[in-house]
Each structure stands twice: as structure tokens, then as C-alpha cells.
Amino acid sequence: MMHRNELRAEIEIDADPETVWSVLTDFRAYPEWNPFIDPIEGDQDVGARLRLRIRPPDSRGMTLRPHVTAVEPGRAFGWLGRLGGVPHLFDGAHRFELTPIDGGRRTRFVQSERFRGILVPFVRRGVLPPTLRGFEAMNRALADRAAAAKASAA
């Protein structure tokens, strides 16, 4: 779903939030399954700086160095990225949210990003649609990977 300055992709995953969290936060394994973010490096602590490369489908990739803004194990992980490190030019607040469903046996996973800054109106059409497709591809791959991890643990 794409609103004016926000992207949101949601999927229900056949694995509990702890399993999904384990896959999501295993950055070293991203090359094995993640079609959108690869690589990603850095500490998973609020305030830490990450280094990651996004690869939206049918679009140029981009290397980002965002700061971690949220770490809630089993629930949420987020970061704030800025184009060129300059505030208010083109900022993206990225968030992953995990919500237990079906008594905690499954997970609703939401990946979203809110964009702000003076360049947003000028790049919205060219950047946001491929990025949303990247979110959707990553969500599907995460669902497959987490369901496989759950099955192999059973």
C-alpha cells in the first residue's frame, strides 16, 4: 500500500513472532534469502549505525547508513535514514512490526517507511513504487524462511 509519503506492506506468516524475529535479525543470513536488503551490517542497538544496501526490483540499488531507532525483541525494529546524512532533505523512517495472531502461533508482519523532506515530492514517483515492490518481495521471502525454520524446529 502506498499513501502520499508512506509505504506499507503486510503479510501473515505461518510462524510465531520469536521465529520471525530470529530470521529478521540474523543479518548474516540475509544473502541466503533476502531479495531486497543485502548486505546489512551493524549492531542492533538503539542509536547504532547500520550499513545496508537496498535493491528494489527494476531500480538502482542504494547504500544507506541509517541509525537504529527501535529495538523491541519479538515486536519491532526500526531505523532512520537520511540522504547524504543531511536532515530534512529526504528522510526515511523504516519500521518492521511483528504482531502475534492465532494465539501466537502465527505472525502479522508489517514493513513500512515514512518519507519526509524537501525532495520527497520530486522523487516520489520514481523511488516509492519500486521500493514498495522490494518490501513485498522481502516480506514473501521472510515468510517462506520463517515457515521453513518453524517446520525444521518441529
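Helix 120-153 and the longest principal axis of the Cα set of the chain meet at an angle near 10°. Just the protein heavy atoms count here, and of the accessible area of the stretch 1-68 at 1.4 Å, carbon and sulfur take up 42 percent.
Taking packing as the residue-averaged number of other Cβ atoms within 10 angstrom, the listed peptides 104-117, 26-39 run from highest to lowest as 104-117, 26-39.
For the ranges 84-95, 11-22, what's the packing order if you count other beta-carbon atoms within 10 Å of each residue, average per peptide, and put the highest first?
Numbers: 84-95: 15.3, 11-22: 20.2.
Ranked from most to least packed, the peptides come out as 11-22, 84-95.
For the stretch 56-154, the per residue solvent-accessible surface stands at 54 Å², with DNA, RNA and ligands left out and a 1.4 Å probe. Peptides 69-78, 131-140 ranked from most to least packed, by the mean per-residue count of other Cβ atoms within 10 Å: 131-140, 69-78. Once the Cα-Cα distance is subtracted from the 0.36 nm per residue extended length, the Ala151 to Arg60 segment shows a gain of 29.2 nm.
Segment Asp43..Arg124, full-extension length gain: 26.2 nm, with 0.36 nm per residue of separation and the alpha-carbon distance subtracted.
P(r) tail for the chain, what percent of Cα pairs lie past 19 Å?
Numbers: 6115 of 11781 pairs.
Roughly 52 percent, once rounded to a whole number.
One compactness figure for the stretch 77-154 is 1.39, namely its Cα radius of gyration divided by 2.2 N^0.38 Å. Note on the stretch 1-40: Kirkwood hydrodynamic radius from all Cα pairs is 12.0 Å, rounded to one decimal. The portion of the accessible surface of the stretch 88-136 made up by carbon and sulfur, rounded to a whole percent, is 56 (1.4 Å probe; DNA, RNA and ligands excluded).
The values are calculated or read from the model by the stated rules, or taken from the named source; none is laboratory data. Note that this is a predicted model, so its numbers are computed, not measured. Note that we place each Cβ from the backbone using ideal geometry, even for glycine, and neighbour counts take in every protein chain shown. Ligands, DNA and RNA are excluded from the accessible area calculation, which covers all protein heavy atoms including side chains. Shrake-Rupley method; radii C 1.70, N 1.55, O 1.52, S 1.80 Å.
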